[in-house]
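Structure first, commentary second.
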Amino acid sequence: MRRTELCRLKVADIDSERMVLHVKQGKGGRDRDVPLSPKLLETLREYWRWMEPTTYLFPGMENNWRADVPVTDKVARTAVTAAAKRAVSSFLCFLDLAGTDGESVPAFSEMGPH
């Protein structure tokens, strides 16, 4: 799923019976369905109970108040980048505990020490 599609995702776009997310006006202006795993559906339900979004699943801010507008692409990019760094760090720690250094994994060798 693309970042801008995630930003514009609405609560009504979740189809828990068919286990899909309806992406409207995605890349190329096309609508499509994205498979939804049971784990992700449960996580989204927990999030919904916590945040209680009305229209947009991930509402944005206006004047430092949560508003019924989509979250900005910059906020989503920051969240995705932070999550990726945490995942890489966790994986590198796993490699360290397993006795393997990050240098032996080509995709991670340029990331340096954790």
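Any idea which residue in region 40-66 is surrounded by the most Cβ atoms within 10 Å (Cβ to Cβ), counting only those that are modelled with pLDDT of 90 or more and more than 23 Å from LYS24 (Cα to Cα)?
Looking at the filtered set, the residue picked out is GLU46.
Six or more apart or on different chains, Cβ atoms under 8 Å: show the pairs whose first residue is in region 34-52 and without any contact (Cβ under 8 Å) to a residue 40 or more places away in the chain and whose second is of a type in the set (D, E, K, R).
Partner pairs satisfying both residue conditions: LEU36/ASP15.
Within region 13-39, count every residue that is surrounded by 11 or more Cβ atoms within 10 Å (Cβ to Cβ) and outside any loop (DSSP other than H, G, I, E, B).
Summing the residues that are surrounded by 11 or more Cβ atoms within 10 Å (Cβ to Cβ) and outside any loop (DSSP other than H, G, I, E, B) in region 13-39 gives 10.
Here is a list: VAL23, VAL34. Which entry is among the β-branched types (Val, Ile, Thr), in the same structural domain as LEU57 (by TED's automatic domain parsing) and touching a helix residue (DSSP H, G or I) at 6+ places or on another chain (Cβ under 6 Å)?
So the residue among VAL23, VAL34 that is among the β-branched types (Val, Ile, Thr), in the same structural domain as LEU57 (by TED's automatic domain parsing) and touching a helix residue (DSSP H, G or I) at 6+ places or on another chain (Cβ under 6 Å) is VAL23.
Condition first: aromatic (Phe, Trp, Tyr) and over 15 Å from the mean Cα position of the chain (by Cα). Now tell me which residues in region 1-52 satisfy that.
TRP50
Return a yes/no flag: does region 73-87 have any residue that is in contact with a Ser or Thr (Cβ under 9 Å, 6 or more places away or on another chain) and outside any helix (DSSP H, G or I).
no
The values are calculated or read from the model by the stated rules, or taken from the named source; none is laboratory data. If you're wondering where the values come from, they're calculated on a predicted model, not measured in any experiment. Backbone-built Cβ (ideal geometry, glycine too); neighbour counts: all protein chains shown.
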